Amino acid sequence: MVGTGRAMGYRTALERLRAAQKSAKGVSLYSRYVNRPVGRRLAAAAYRLGLTPDHVTLLSALCSGAALAAVALCAPSWPLGVAVWAGLFLGFALDSADGQLARLRGVSSPAGEWLDHVVDCAKITALHGVVLISFYRFFELPGDGWLLLPLGFQLAAVVIFFGGLLTDQLKRRAPRPDGPGAPVSRLRAVALLPVDYGALCLLFLLLGDERAFRFGYAALALVYGLFCAAFSVKWFRELSALSASSAPRS
């Protein structure tokens, strides 16, 4: 945490935030070089405006919610796609900003963490729900089977979100080995790009072309399904290894 004084200016806040970034391990290139830096600037601005991390979380929910509501209510078009992407992009950046603001202010709370995760979960489930609504209301689908696609995508996205969150929580309870951790892998950061939420936001720029959006969405759904299976195996093995290493020896 970074202790601060109330008189800190925007530039000073920004510099302190740069020095207090979380590890880049397990983070895609988009989040590392786009979302976190934008969130950092928003966090510094929010600090100067006297906002709390919870305020920023709620602003994130408002931006994302407005963009997703537009998908369900409006017929697909290029202007809609740009507007939806902009709302989701800002909502995602604010989602990064709330945690950074908490570190800058030197405050954190179980309630704030709970609010952040609940908003994230609602955002993930709602995104695929509104795509399903848009498919049903506005798209000329070649078959009703396409209506099942958002449900499968939603399942994979929720399992990845919840599985990763739960794995992190369970790992915190286990004793950590001494010595430096594994170095940050750029190859892994590139490989994680397709399942970064920012990539999913970019997909909505294709809303002006129903066929392009539909097939792009299907391709991402397939990737999410593959990653979901791979992550699930990886997480289970890691937690099994922790259980074995912490078991009492005779």
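Per-residue surface analysis assigns Val190 an accessible area of about 70 Å², computed on protein heavy atoms at 1.4 Å probe radius.
Keeping to pairs on different chains or 8 or more places apart, tell me how many lysine pairs in the chain have Cα atoms under 22 Å apart.
Taking the chain as the scope, the lysine pair count is 4.
Sorting the segments 223-229, 203-209 by their residues' average number of neighbouring beta-carbon atoms within 10 angstrom, most packed first, yields 203-209, 223-229.
Express in nm, to one decimal, how much length is gained between Cys74 and Leu170 on full extension, taking 0.36 nm for each residue of separation and deducting their alpha carbon distance. All intermediate terms of the calculation are to be shown ahead of the outcome.
On the way: separation 96, 0.36 × 96 = 34.56 nm, distance 4.20 nm.
Going from the current span to full extension adds 30.4 nm.
With Cα atoms as the point set, the range 122-171 shows a radius of gyration and Dmax of 13.8, 46 Å. For the set Leu192, Leu187, solvent exposure ranked by accessible area (probe 1.4 Å, protein chains only) runs largest to smallest as Leu187, Leu192. Each distinct pair of alpha carbons in the chain adds a 1/r term; the inverse of their mean, the Kirkwood radius, is 19.7 Å. Think of a 1.4 Å ball rolled over the protein heavy atoms: the chain then has 55 Å² of accessible area per residue. In a simple Cβ point-charge model (Lys, Arg +1; Asp, Glu -1; nothing else charged), the chain has a dipole of about 1120 debye relative to its Cα centre. Counting 0.36 nm for each residue step from Phe138 to Ala86 and taking away their Cα separation leaves a gain of 16.6 nm. Subtracting the Cα-Cα distance of Lys234 and Leu147 from 0.36 nm times their residue separation leaves 28.3 nm of extension gain. Helices meeting the span-like rule in the chain (full DSSP H runs, Cα extent of at least 27 Å along the helix axis, mean Kyte-Doolittle score of 1.6 or higher) are absent.
The C-alpha atoms of the range 14-84 occupy a region whose extents along the principal axes are 44, 30, 18 Å, arranged from largest to smallest. Rounded to the nearest 0.05, what FRET efficiency do Leu193 and Leu58 have when you use their Cβ-Cβ distance and R0 = 35 Å? So, using R0 = 35 Å, E works out to roughly 0.75.
More than 17 angstrom separation, counting every C-alpha pair in the range 81-179; what % is that? Cα-Cα pairs in the range 81-179 separated by more than 17 Å: 67 percent. The distance separating the Cα centre of the range 220-236 from that of the range 56-96 comes to 26 Å. The local environment of Glu210, defined by Cβ-Cβ distances under 13 Å, has a net charge of +1 under the rule Lys, Arg +1 and Asp, Glu -1.
Can you figure out the FRET efficiency of Asp209 with Arg48, using R₀ = 45 Å and their beta-carbon distance, to the nearest 0.05?
0.65
Solvent-accessible area of Ser108, all protein chains in place: 90 Å² (probe radius 1.4 Å, heavy atoms, ligands and nucleic acids excluded).
The values are calculated or read from the model by the stated rules, or taken from the named source; none is laboratory data. Because the structure is predicted, anything quoted here is derived from the model rather than measured. FYI the Cβ positions are ideal-geometry reconstructions off the backbone, even for glycines, and counts take in every protein chain you see. Side chains included, ligands, DNA and RNA excluded: accessible areas come from the protein's heavy atoms. Shrake-Rupley method; radii C 1.70, N 1.55, O 1.52, S 1.80 Å.
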